[in-house]
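The values are calculated or read from the model by the stated rules, or taken from the named source; none is laboratory data. A quick note: this is a predicted structure, and the numbers were derived from the prediction, not measured. Heads up, the Cβs are rebuilt from the backbone with ideal geometry, glycines too, and the neighbour counts pull from every protein chain shown. Note: areas computed on protein heavy atoms with side chains; ligands, DNA, RNA excluded. Shrake-Rupley method; radii C 1.70, N 1.55, O 1.52, S 1.80 Å.
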Amino acid sequence: MTKTNFDYLKETDKNLYEIIIDAEKLYRGEFFEQCMGQTRRFGEHICRNVLGANRTNEITFDEMLATLKDKSNHSEQEKEFIDDLYFLKKQGNLSVHSGSVSKNATTALECLQRAFEAGINYAVFYKKSDSDILKLTYDTELLITGHPSKKSLSDKYLEAKEQAQKKTTKKISNKNTKKTKPQVTSMNSVPRKEGISKYWIVVGVFLIIAMITAIYILL
């Protein structure tokens, strides 16, 4: 049988396991809104199971969540658990009552991840399963292919970081090696004219005439 992210529930709660693996199948088939509706159903069943004998006249998921919140011990673990269930309820309701079909793969994936975390909390803290399952992380590669990823989450992070750094270095390198047109400054030297220019010759002639005329008048 194909391995799933929710195999930890197979022995703990067969009903919940069947509900949530159907949600994963819907995701793989790109039925994202139906996937979100199925994760909502998963969350509602978890909530009902956790309330157990504390449940009185609550009927709706919202009513059960309100009771669960009132009876909470306000620990960080329980707060995250309830937040996950509220998220599944909200997104499931939106997908069911939406007037148009929107293929929101990102939100559907988050619903599966939230269901995964809620399921682990349920298994460990309410069904007393082995606490080692707290170390599990949601594997998107397993979701899509049915085969677990060979790389750990930290390996994937380091690989993504390295690729991002390479892209940044490449951009800087390309920017620095862009060919730019060389700035050419062309200056043609003008040869210096030697001798006296015509202008000064004319000025000199008129000056001599003026001096001769002045001497003549004085005499």
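E30 passes all but one of (1) assigned to a helix (DSSP H, G or I); (2) within 24 Å of the chain's Cα centre (by Cα); which number fails?
(1)
Just checking, which of T106, T140, T169 is open to solvent by 70 Å² or more (accessible area, probe 1.4 Å), of a type outside the set (A, V, I, L, M, F, W, C) and modelled with pLDDT of 75 or more?
T106
Quick one: which of F31, F81, F61, F87 is of a type in the set (F, W, Y), at pLDDT below 95 and under 25 Å from V124 (Cβ atoms)? Before the answer, list the steps.
Working: F31 fails: under 25 Å from V124 (Cβ atoms); F81 fails: at pLDDT below 95; F87 fails: at pLDDT below 95.
The conditions single out F61.
Taking into account only those residues within the stretch 27-68 that are closer than 23 Å to L109 by Cβ and among the polar types (S, T, N, Q), which is surrounded by the most Cβ atoms within 10 Å (Cβ to Cβ)?
T39
Could you figure out which of (1) in contact (Cβ under 8 Å) with a residue 60 or more places away in the chain; (2) more than 25 Å from K69 (Cβ to Cβ) isn't true of L9?
Here L9 meets the rest and fails (2).
Kindly provide the set of residues from the stretch 1-21 that are among the polar types (S, T, N, Q) and either open to solvent by 70 Å² or more (accessible area, probe 1.4 Å) or in a helix (DSSP H, G or I) (or both), ordered by number.
T2, N15
So F125 fits all but one of (1) closer than 17 Å to E24 by Cβ; (2) part of a helix (DSSP H, G or I); what number is the exception?
Status for F125: all satisfied but (1).
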